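First up is the structure itself, then whatever we jot down about it.
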Amino acid sequence: MLFFNRYYPTICVRRAEMRAMEKLPATEKEKMLPVTLLAPWLNSIEFNNTFNIVQKSIGSIPIIVDLDRYFEGSSPLPSRKYYSDLCNFDTGYILWEKLIHSHDNYIPCIQTFNVDKKAISHQIEYFLKLGRGLVFRFEIERNYDLDYLFERISEIMTDNLLCIFDYGYKEYSTELENRLSNLIDRLISISPTAKFVISGADFPNDFSQFDNFSEAKEISSRQIFEILRSKYGNYNLYYGDWASTKPRRYDGGGGTPLPRIDFPTKQRWIIARSKEDNWDFELAAKMITRLPEWDDRPHVWGTGMIEKTALGLPGGISTGPEAIACRVNIHLVVQNNYSIPSGSISPKGKWEDPI
């Protein structure tokens, strides 16, 4: 059985996520099952650099892979052309099958968005023979032929089939809960032993409300999961999220963000920044390390970097991307060990102490 009670973080091929994963102990990586969204790596000429950075950061553990359909790019670079070909309505699925076949640790998501029934059937047959398991990942903001897809799922339901219901970037609402519940009801009506993940993102876009010391934001994905678990706790329901990040955005932005340190706990993010007092990263880190929640921190690369920054030591956090990588690293460990008391989270394995 490939799928069981794990943490399913959605990981994009971006600097912060790749750095955060790279700094996890191997034992932590092996406990989770990352849902890795493939897209061109930065300005790489060849798409192979995506595979290389995933291998460097995550290693050879089994990972679920899908296309990052939030990626946009009109560059003539071969890496962009290959990505565009993967998304092609008529022939992309053939490239997708070849991509999966050439990486032994890749567990495939069936490409179902903007793909015809023939292509879906071909993938199902191909990947069943490959024998690594099948994943149907539904980004619920997109349109699918759900009647057809659930019919196919009913025909091939096995222990090695997983459904992921990803609601994208959303806060909790009764409308969202009902929509997810309807999808779950359809799935468990096919088989009460079906395995499924609920995943989404809600890390803030706007930080203007977080100023002068530290304030906390509840992790909505945990709230949604707990509500659904109260309804479907007797089924194979697993937790996922976007690892404290969110889908790619291309709508521009304002000026340079203020220096900010984020500290994840099990059910909330604590955010330290101050526009009024003009905090730098060192002062923001000091404020975090003075909090009572800091005593229960996991001793991992991300918390070590925050401590190093608070002490004013060389090589601490000095840019926004570094701060994000630290937040993601801590969040991954905390959610990967959610059932363990906070003060007892002590990942085993080699990690790089930055102090």
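Structure notes:
- Test: Asn182 is under 26 Å from Lys217 (Cβ atoms), of a type in the set (S, T, N, Q) and free of Cβ contacts under 8 Å to residues at least 60 places away in the same chain: no
- Filter result (within 21 Å of the chain's Cα centre (by Cα) and under 17 Å from Tyr235 (Cα atoms)) within the stretch 184-201: Ile184, Lys195, Phe196, Val197, Ile198, Ser199
- When Ser199, Ser214, Ser181, Ser221 are screened for being among the small types (Gly, Ala, Ser) and out of contact with any strand residue (DSSP E or B) (no Cβ under 6 Å at 6 or more places or on another chain), only Ser181 passes.
- Of all residues in the stretch 255-290 being without any contact (Cβ under 8 Å) to a residue 24 or more places away in the chain and either among the acidic types (Asp, Glu) or in contact with a helix residue (DSSP H, G or I) (Cβ under 7 Å, 6 or more places away or on another chain) (or both), the one that is farthest from His331 (Cα to Cα): Asp280
- Test: residue in the stretch 308-317 that is among the charged types (D, E, K, R) and over 19 Å from Thr245 (Cα atoms): yes
- Pairing each residue of the stretch 146-174 that is under 23 Å from Ser244 (Cα atoms) with any residue that is open to solvent by 60 Å² or more (accessible area, probe 1.4 Å) and of a type in the set (Lys, Arg), provided the two are 6+ apart or on different chains, yields no C-beta distance under 6 Å.
One line per residue, one yes/no per condition, for (1) over 27 Å from Arg69 (Cβ atoms); (2) of a type outside the set (D, E, K, R); (3) under 21 Å from the mean Cα position of the chain (by Cα):
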| residue | (1), (2), (3) |
| --- | --- |
| Tyr148 | no, yes, no |
| Ile164 | no, yes, yes |
| Ser208 | yes, yes, no |
| Ser214 | yes, yes, no |
| Ile224 | no, yes, yes |
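- Restricting the search to helices (runs of 4 or more DSSP H) fully inside the stretch 227-341 and requiring at least 2 residues that are open to solvent by 10 Å² or more (accessible area, probe 1.4 Å) and within 30 Å of Pro192 (Cα to Cα) gives an empty result.
- Considering the conditions (1) closer than 15 Å to Leu187 by Cα; (2) at pLDDT 95 or above; (3) among the acidic types (Asp, Glu), Asp159 is excluded by exactly one of them, (2).
The values are calculated or read from the model by the stated rules, or taken from the named source; none is laboratory data. Only a predicted model underlies this, so the values are computations on that prediction, with no experimental measurement involved. Quick reminder, even Gly has a Cβ in these numbers, built from the backbone with ideal geometry, and neighbours come from all protein chains shown. What goes into the accessible areas is simple: the full protein's heavy atoms, side chains included, and nothing from ligands, DNA or RNA. Shrake-Rupley method; radii C 1.70, N 1.55, O 1.52, S 1.80 Å.
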